[in-house]
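Derivation of every value follows stated rules applied to the coordinates shown; laboratory data play no part. Since the model is a prediction, treat every value here as computed from it, not as a measurement. FYI the Cβ positions are ideal-geometry reconstructions off the backbone, even for glycines, and counts take in every protein chain you see.
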Amino acid sequence: MKEYLQTKQTEMLQLLEKLVNIDSGSTHKEGIDEVGGILKSLYEELGFEVEVIEEPKNGNNMVITYQGNDNPTMLAVAHMDTVFRVGTASERPFTINGDRAYGPGVIDMKASQVALLYALKALKEKNPTALEKIQIILNGDEEIGSSTSRPLIEKYSEGKKYALIMEPARKDGSLVTARRGGGRYSVYVKGKAAHSGVEPQNGISAIEELAHKIIKLHALTNHEEGISVSVGIIEGGESVNTIAPTAVAHVDVRITYIEQAEVLDQKIKEICATSDVAGTSIELEGGINRPPMVKNQQTIDLLEIIKETGEELGIKVTDVATGGGSDASFTSAMGVATIDGLGPVGGNTHNEDEYLEIPTLVERTSLLAEVIRKLADQ
């Protein structure tokens, strides 16, 4: 299959260029659906049946199953959305410089979309029965928490033996076998406006109240236990000479073990249940929406299969834990053996110099194809 894929590298890069040059930020439904339409046609050409789950605001999600098959044992998940605003693709379109390709979403994760598709193309050429064992979800909202696609991922995880998550490999080529869970909260505070020079005694500062809350929230961080609580954005006030009538803080939460979720959620609610500054009111929104991906024995067993496959192809497979979230958390929490980071190698995700290491496009696609072939026989 590797020899077959080597003959397809130019074709793969052409498809990658086409996808990268379409703006598909999480809030740009039209762009995500355009990417989805291209991929839908290509999967149907391979003999897959594509169910499009229409979403009114977010990008549509798709469930892709080989024709007539109702008992796949593997689930592959790949997202179509990026973090980039509309217009980014025209400002800095797909380019190649040496052994690297650049562009918005080139590694996170449009190169993975190409790799998954071409791994299946290679299997259709060399081992077509393996296609019957894999089901695919392409989702359009991973970068904003997978709110519409999470139920879909959990539904189709039931009964599966393996989950292959197509986030990019780390910069050093490592796969991901553990991720921290986490969530987002927003703390809205209301006070009372007053002129800070004329009648400050009549004002009630929402910013002062929020400051108390920020200190208490940050105090929940415990790095030894793998818990972090961080206020990343604050907003408030109307003018420098006005006692602030409103303020808001947006909070990022990370956990290492699922047992920490309920306890931490309760502590955050308790902090926001009462005011420190008399006369202010507080409204809390959000919660912990991603469970941790834990490196358990079934994940270790799946990793060993991938390592053995890598050795056969001359690829040394290593693995790491990471603090970032992905859809791997959902499949792992459903009890499915899950490996993440199965896409090509690249780096600087979410930045203007995001890149793909071009030689790894064929290399990691070959690894993925061989892994799918082996797992189909398990």
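Overview of results
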item	result
5 Å binning of all Cα-Cα separations within the stretch 1-61, expressed as whole percents from 0 upward	4, 17, 20, 21, 19, 11, 6, 3, 0
Coordinate range along principal axes, alpha carbons of the stretch 136-205, Å, largest first	68, 33, 19
The stretch 55-119-the stretch 160-229 distance, computed between alpha-carbon centres (Å)	29
Under Karplus coefficients 6.51, -1.76 and 1.60, residue-wise ³J(HN,Hα) of the stretch 58-67 in Hz, glycine/proline x	7, x, 5, 9, 9, 10, 10, 9, 5, 3
At least 15 Å along the helix axis (C-alpha) and Kyte average at least -1.0, DSSP helices within the chain	9-20, 29-45, 111-126, 206-218, 259-271, 297-313, 359-376
Peptides 133-142, 157-166 ordered by average Cβ neighbours within 10 Å, highest first	133-142, 157-166
For the stretch 1-121, Kirkwood radius (reciprocal of mean inverse C-alpha pair distance, Å)	15.2
Computed magnitude of the charge dipole of the chain (debye, nearest 20; Cβ of K, R +1, Cβ of D, E -1)	340
Sorted by Cβ neighbour density within 10 Å, fewest at the top, the residues Met74, Met109	Met74, Met109
Label-reachable residues, the stretch 190-219, where backbone N falls under 19 Å from a point 7 Å from Ser239's Cα toward its Cβ	191-207
Compactness relative to 2.2 N^0.38 Å, alpha carbon Rg of the stretch 246-370	1.48
Efficiency of FRET from Cβ geometry, Glu154 and Tyr257, R₀ 30 Å, rounded to 0.05	0.95
Added length on full extension, which subtracts the Cα-Cα distance from 0.36 nm per residue, Ile215 to Lys2	71.2 nm
Kirkwood Rh in Å, taken over the chain so that all alpha-carbon pairs contribute	22.1
Charge dipole (the stretch 93-198, unit charges on Cβ, about Cα centre) - positive-most of Ile153, Gly105, Val198	Val198
Cα gyration tensor, the stretch 214-266 - rounded (a/c under 1.5), prolate or oblate	prolate
Unit charges on C-beta of K, R, D, E only; dipole of the stretch 106-163, Debye	340
